[in-house]
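The values are calculated or read from the model by the stated rules, or taken from the named source; none is laboratory data. Model, not experiment: these values are computed from the prediction. Methodologically, a virtual Cβ is constructed for each residue, glycine included, from the backbone with ideal geometry; neighbour enumeration extends over all protein chains shown.
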Amino acid sequence: MSEYNYAVIEKKWQKYWLDHKTFKTPDHVEGKKKFYCLDMFPYPSGAGLHVGHPEGYTATDILCRYKRMKGFNVLHPMGWDAFGLPAEQYAVETGTHPAVTTKKNVDRFREQIRALGFSYDWDREVNTTDPGYYKWTQWIFEKLYEKGLAYVAEVPVNWCPALGTVLANEEVIDGRSERGNHPVIRRPMRQWMLKITAYAERLLEGLEHLDWPEGIKEMQRNWIGKSTGAEVDFKMKFTMGGGAGAPELPSVVTVYTTRCDTLFGATYMVMSPEHPFIARWLEEGLLANAEEVKEYRRKAASKSDLERTELNKDKTGVKLEGVTGVNPVNGVELPIFISDYVLASYGTGAIMAVPAHDDRDWAFAKKFGLPIIEVVRRAGDVESLPLQAAFTDCATGTMVNSGFITGLSVEDAKAKMIAWLEEKGVGHAKTQYKLRDWLFSRQRYWGEPFPVIHMADGSTKLVPAEDLPLTLPELADYKPTGTGEPPLAKAAEWVNYTDPKTGEKGVRETNTMPQWAGSCWYYLRYIDPHNDAAFADPAKLKEWLPVDLYVGGAEHAVLHLLYSRFWHKVLFDLGLVPTDEPFQRLVNQGMILGMAYKTSRGVLVPMDKITWREGKPYGAEDGGEEELLTEFPAKMSKSLKNVINPDDVIRDYGADSLRLYEMFMGPLQAVKPWSTKGVEGVFRFLKRVNKLVTETPIADRPLTKAEAKVLNATVKKVGEDLESLNFNTAISAMMVFLNEFPATTGGSGAPEPLPREAVEKFVLCLAPFAPHLGEELWQFLGHAGTLAYEPFPAYDPAALVEDEVEIPVQVLGKLRGRVTVPATADAAAMRAAAEANPDVARFLAGKTIVKVVCVPKKMVNFVVRP
RNA sequence: GCUGGAGUGGCGUAAUGGCAGCCGCAGCGGACUUAAAAUCCGCUGGCCGUAAGGCCGUACGGGUUCGAGUCCCGUCUCCAGCACCA
């Protein structure tokens, strides 16, 4: 064997691993530590794998192969997050059942993933659309329901009139549908909600102890959005009647504020248009400008989210005529507005406005000509200047014009104000979260059915656990109903329910669960994937949890990871999992970009419209002159035609080259552009490795000192870099070995025999990265079977000890020469050797040596004066 | 605007506060070949110089240090996420 025939080698070993179940993971091995390494499982789309998928998967695979060689019992599974919209939409268009599409896509994904030589335990494969799997998704939902964490509510959803369906937030982009670009409005509908807000504080606190990227933790913190402040009661004064005959008339508006220190600066109040009091006041005829108010409320309701936020930095609102609010700190009567810059869903849906110290209130006050009272001033500023903008710096502010808190710092003023409010019974400290309850239902077919029956008497009944899974009914067509009613409503037989014992009638819930449901707990099912009696055996969960390393894209930074943590904590509280958090360590792989080309005017030119001359790209925008194009990295996209297909790379260079290149490109976490030339580089490396091992004679002889040094340095570096996930530098170290080692073994002419020890250790180092070639060379070296469980080579520190070192010599910090000294040389010897060097002496001549810095084995630096 | 991350050769990148640019790509020169591909060897940050060598150089401006790509302060640019959350 001399040719590097990757196609043959890779097929051969993939078959071997599969046939021998090489990577089957025992539930427990006495004396072996466990290592649970998880990949974010993919949605098996019709387009197949792209080069982004293998990036994280390769990194975890290399680490898992390494950990096995280090004696760990490694759990490394793969599965499919297969519910979801694309299969359903394909079903709508073609009538093909989503299960059929899903199976086809899964088969293709599995085949592609196997072609990359990943060491998954395929006996643990899971699929969220498998009834045996979603039985337990439904079961966990029932636990949530029983715990009072699942409830039904009328909430506004993203309704797309043109598509006749409800959309998930992620399917709405800038207020329009991702598919078709139709407008989306908010419309209240009956929905299932999960009470994730009950866990807000624990989800926040739990982040402290996790080894996750700081950015991801921060994003989750922001999403949870904890703020501390106060609720303050404002009494209402009505000029039209005052509510005689309506004793329950709401006459105290509670506002939420984080700046109760600024209460003396409040000059008006704002309520959200949806605030329930407004409707009551309108009913009671307390608002003089009722028509105007109603009109504003109507307009606000019909606005899309986009119109209410981004386009609408320009404030709008209507003053309520006939009602004012009394500021509890000073008795001042404040006008009240409704405006959609106040959100109904946060805090109390009403605010006190302090335009001098809040940017939004400032903008509103300026537009409506409202008074602005300064109550916080930068410490040291004496004169009251006309404010140019809201002053919002709490750190440097001191209270002014504020009665009993004048002169205090902002922090002290808040504390004193809260104490005062509580004493007077008009307010209290309050913690708020931005996090909302999780909208958990979708008006879709291809999702988990809710195991819920709405009985005729109005009660809600769960499908008994022993009757789960509740499977999806067959449908003739999957089209949306157009009314917002889910497609399952069409399955009349399935929907109508009669209790087998009592004969009572009911209807089944026709919403389905969102795609997040199945991915919330899949890492638990891998631990015990075929268990019929429980989602997983508690003893096995105890063995394997938590996940030691979770690798995936940053796009799941918030939702998936937050939802998963929520479910996990609920299961923990029920005593069903042994840990409080699911994923101990998280790493995000960076996106792989493609190359894109643009003209001098910045017009993008797709790959297939580019002419290459002498390696340079030429192209033209429509109707323009051809010109030399500028190359830059950009997201791979169909429109730019720069998508790289892993199948093509494997065909041309092999899976080992693809794996090696994806890791060699740069740090795992970094965003980096794809380069086909770069693949050729690592391909050449593998060819040279193959040639060296198979074509050079190998002898059983001890290593020379020089050989031992190169070998041990490589083994050390590769091992350490694997532990720290620095795959790129580990590969670089192996390339250095290949460049240097043969040179150490002999002179010119006929190849010197290589020492067997060095070759074998090098092959074992390479094997986790390029497992097919690794196995093949291991076999060539005379070993039977797989190297997957061979011990990873240890290095000998003694071999790395140097007798002599070459050290730099600086004069005033500038490099002037190099000297070779014994590694044991002391400062005096180093200095003497340095001064003797002619290049150094030249710069010392005629100067006074003030100080000499000598760092043993590192460097010498002379500090001199003229 | 807020939060997180990043700025180093033509390109991807590498450097426990101690020789900036390892490794790879591209480029140049050479060997082999009728020729090409493949392969192998050498050179390759910029400027000055025949050379020895010198000067400059890690986004920009300061600072700490014998010594800064690395630490501190400030500025700019790029990427990602969030964004009327009171």
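Restricting to region A:602-622, and then to whatever is more than 26 Å from A:H50 (Cβ to Cβ) and in contact with an Asp or Glu (Cβ under 7 Å, 6 or more places away or on another chain), can you tell me which residue is nearest to RNA strand B (Cβ to nearest atom)?
Looking at residues that are more than 26 Å from A:H50 (Cβ to Cβ) and in contact with an Asp or Glu (Cβ under 7 Å, 6 or more places away or on another chain), I get A:Y618.
Among the residues of region A:239-255, are any more than 28 Å from A:I373 (Cα to Cα), modelled with pLDDT of 90 or more and outside the structural domain of A:H556 (by TED's automatic domain parsing)? I'd like the intermediate steps shown before the answer.
So in region A:239-255, the residues more than 28 Å from A:I373 (Cα to Cα) come out as A:240-250.
Keeping just the survivors that are modelled with pLDDT of 90 or more gives none.
No - not one qualifying residue is present in region A:239-255.
Take the residues in region A:681-693 that are within 24 Å of A:A794 (Cα to Cα) and in contact (Cβ under 8 Å) with a residue 60 or more places away in the chain, then tell me which one is surrounded by the fewest Cβ atoms within 10 Å (Cβ to Cβ).
Only one residue fits best here, namely A:L692.
Inside region A:365-393, can you point out the residues that are modelled with pLDDT under 85 and either within 12 Å of RNA strand B (Cβ to nearest atom) or among the acidic types (D, E) (or both)? If you could, list the steps in order and put the result at the bottom.
Here is the first cut: in region A:365-393, the ones modelled with pLDDT under 85 are A:378-389, A:393.
Scanning region A:365-393 gives A:D381, A:E383, A:A389, A:D393.
Which pairs have Cβ atoms under 8 Å, sit 6 or more apart or on different chains, and link a residue in region A:663-679 that is under 12 Å from A:I731 (Cβ atoms) to one that is of a type in the set (S, T, Y) and assigned to a helix (DSSP H, G or I)?
A:M663/A:T58; A:F664/A:S732; A:G678/A:Y661
Checking A:M417 against (1) more than 33 Å from the chain's Cα centre (by Cα); (2) within 26 Å of A:L343 (Cα to Cα); (3) surrounded by fewer than 22 Cβ atoms within 10 Å (Cβ to Cβ), which test does it fail?
(3)
Can you give me the number of residues within region A:530-553 that are assigned to a helix (DSSP H, G or I) and either surrounded by fewer than 21 Cβ atoms within 10 Å (Cβ to Cβ) or not hydrophobic (A, V, I, L, M, F, W, C) (or both)?
To start, the set of residues in region A:530-553 that are assigned to a helix (DSSP H, G or I) comprises A:538-544.
If we keep only those that are either surrounded by fewer than 21 Cβ atoms within 10 Å (Cβ to Cβ) or not hydrophobic (A, V, I, L, M, F, W, C) (or both) too, we end up with A:538-543.
The total comes to 6.
Would you mind telling me which numbered condition in (1) among the hydrophobic types (A, V, I, L, M, F, W, C); (2) touching a Ser or Thr at 6+ places or on another chain (Cβ under 8 Å); (3) within 30 Å of A:Q669 (Cβ to Cβ) A:A706 fails?
In the conditions (1) among the hydrophobic types (A, V, I, L, M, F, W, C); (2) touching a Ser or Thr at 6+ places or on another chain (Cβ under 8 Å); (3) within 30 Å of A:Q669 (Cβ to Cβ), A:A706 misses (3) alone.
Just to verify a result, which residue in region A:813-845, among those that are touching a helix residue (DSSP H, G or I) at 6+ places or on another chain (Cβ under 6 Å) and part of a helix (DSSP H, G or I), is modelled with the lowest pLDDT? Outline the logic, then answer.
First pass over region A:813-845, keeping only residues touching a helix residue (DSSP H, G or I) at 6+ places or on another chain (Cβ under 6 Å): A:816-817, A:819, A:821, A:834, A:840.
Then drop every residue that is not part of a helix (DSSP H, G or I), which leaves A:834, A:840.
Numbers: A:A834: 90, A:V840: 87.
Looking at residues that are touching a helix residue (DSSP H, G or I) at 6+ places or on another chain (Cβ under 6 Å) and part of a helix (DSSP H, G or I), I get A:V840.
Condition first: under 23 Å from A:P771 (Cβ atoms), assigned to a helix (DSSP H, G or I), at pLDDT 90 or above and within 8 Å of RNA strand B (Cβ to nearest atom). Can you find one or more residues in region A:650-666 that meet it?
Of region A:650-666, the ones under 23 Å from A:P771 (Cβ atoms) are A:650-666.
Of the ones still in play, those that are also assigned to a helix (DSSP H, G or I) are A:650-653, A:655-664.
Checking the rest, the ones that are also at pLDDT 90 or above come to A:650-653, A:655-664.
After this cut, where a residue has to be within 8 Å of RNA strand B (Cβ to nearest atom) as well, the list is A:664.
Among the residues of region A:650-666, at least one is under 23 Å from A:P771 (Cβ atoms), assigned to a helix (DSSP H, G or I), at pLDDT 90 or above and within 8 Å of RNA strand B (Cβ to nearest atom), which makes the answer yes.
Quick one: which residue in A:L163, A:L116 is under 30 Å from A:F769 (Cα atoms) and not in a helix (DSSP H, G or I)?
Details: A:L163 fails: under 30 Å from A:F769 (Cα atoms).
Only one candidate qualifies: A:L116.
Here's the yes/no breakdown for (1) within 12 Å of RNA strand B (Cβ to nearest atom); (2) among the charged types (D, E, K, R); (3) more than 29 Å from A:E154 (Cβ to Cβ):
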{"position": "A:D211", "(1), (2), (3)": "no, yes, yes"}
{"position": "A:G215", "(1), (2), (3)": "yes, no, yes"}
{"position": "A:E218", "(1), (2), (3)": "yes, yes, yes"}
{"position": "A:K226", "(1), (2), (3)": "yes, yes, no"}
{"position": "A:E231", "(1), (2), (3)": "yes, yes, no"}
{"position": "A:R259", "(1), (2), (3)": "yes, yes, yes"}
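Out of all the residues in region A:130-163, which are touching a residue at least 60 places away in the same chain (Cβ under 8 Å) and hydroxyl-bearing (S, T, Y)?
Of everything in region A:130-163, those that are touching a residue at least 60 places away in the same chain (Cβ under 8 Å) and hydroxyl-bearing (S, T, Y) turn out to be A:Y133, A:Y134, A:T137, A:Y145.
With the structure loaded, tell me whether A:F109 is under 30 Å from A:G48 (Cβ atoms) and of a type outside the set (V, I, T) or whether it fails that test. I'd like the intermediate steps shown before the answer.
Details: under 30 Å from A:G48 (Cβ atoms): yes; of a type outside the set (V, I, T): yes.
Criteria met by A:F109.
Determine which single condition A:D477 fails, assuming it passes every other condition in (1) modelled with pLDDT of 90 or more; (2) under 25 Å from A:V157 (Cα atoms); (3) charged (D, E, K, R).
(1)
Taking region A:747-800, which residues are within 16 Å of RNA strand B (Cβ to nearest atom), under 30 Å from A:T820 (Cα atoms) and assigned to a loop (DSSP other than H, G, I, E, B)?
Within region A:747-800, A:G747, A:S748, A:E752 meet the criteria.
Is it fair to say A:G678 is loosely packed, with under 13 Cβ neighbours inside 10 Å and among the small types (G, A, S)?
Here the answer is no, as A:G678 does not meet what is asked.
Which pairs have Cβ atoms under 6 Å, sit 6 or more apart or on different chains, and link a residue in region A:318-329 that is without any contact (Cβ under 8 Å) to a residue 60 or more places away in the chain to one that is of a type in the set (F, W, Y) and assigned to a strand (DSSP E or B)?
Here the result reads A:K319/A:F337, each pair linking region A:318-329 to a residue that is of a type in the set (F, W, Y) and assigned to a strand (DSSP E or B).
Please enumerate the residues belonging to region A:632-648 that are within 16 Å of RNA strand B (Cβ to nearest atom), assigned to a loop (DSSP other than H, G, I, E, B) and closer than 11 Å to A:W674 by Cα. Walk me through how you get there before you give the answer.
The initial filter retains those residues of region A:632-648 that are within 16 Å of RNA strand B (Cβ to nearest atom), namely A:632-637, A:639-640, A:642, A:644.
Within this subset, residues satisfying the condition of being assigned to a loop (DSSP other than H, G, I, E, B) are A:635-637, A:639-640, A:642, A:644.
Of everything in region A:632-648, those that are within 16 Å of RNA strand B (Cβ to nearest atom), assigned to a loop (DSSP other than H, G, I, E, B) and closer than 11 Å to A:W674 by Cα turn out to be A:K635, A:M636, A:N642, A:I644.
Go through the residues of region A:237-252 one by one and say whether even a single one is surrounded by fewer than 22 Cβ atoms within 10 Å (Cβ to Cβ), among the hydroxyl-bearing types (S, T, Y) and within 34 Å of the chain's Cα centre (by Cα).
Taking region A:237-252 as the starting set, the residues that turn out to be surrounded by fewer than 22 Cβ atoms within 10 Å (Cβ to Cβ) are A:237-252.
Narrowing further to those that are among the hydroxyl-bearing types (S, T, Y): A:239, A:251.
Of the ones still in play, those that are also within 34 Å of the chain's Cα centre (by Cα) are none.
Among the residues of region A:237-252, not one is surrounded by fewer than 22 Cβ atoms within 10 Å (Cβ to Cβ), among the hydroxyl-bearing types (S, T, Y) and within 34 Å of the chain's Cα centre (by Cα), which makes the answer no.
Of the residues in region A:682-733, how many are in contact with a strand residue (DSSP E or B) (Cβ under 9 Å, 6 or more places away or on another chain), within 13 Å of RNA strand B (Cβ to nearest atom) and in a loop (DSSP other than H, G, I, E, B)?
2
Could you please let me know if A:E625 is more than 16 Å from RNA strand B (Cβ to nearest atom), over 30 Å from A:Y6 (Cα atoms) and of a type in the set (D, E, K, R)? It would help to see each step written out before you state the result.
On the way: more than 16 Å from RNA strand B (Cβ to nearest atom): yes; over 30 Å from A:Y6 (Cα atoms): yes; of a type in the set (D, E, K, R): yes.
Spelling it out, A:E625 is indeed more than 16 Å from RNA strand B (Cβ to nearest atom), over 30 Å from A:Y6 (Cα atoms) and of a type in the set (D, E, K, R).
Return a yes/no flag: does region A:508-524 have any residue that is among the basic types (K, R), away from RNA strand B (no atom under 16 Å from the Cβ) and not in a helix (DSSP H, G or I). Talk me through it step by step, then tell me what you get.
Filtering region A:508-524 for residues among the basic types (K, R) gives A:508.
Pick out the ones that are also away from RNA strand B (no atom under 16 Å from the Cβ) and you get A:508.
Next, from what is left, pick out any that are not in a helix (DSSP H, G or I): A:508.
Looking for residues that are among the basic types (K, R), away from RNA strand B (no atom under 16 Å from the Cβ) and not in a helix (DSSP H, G or I), one finds at least one in region A:508-524, hence yes.
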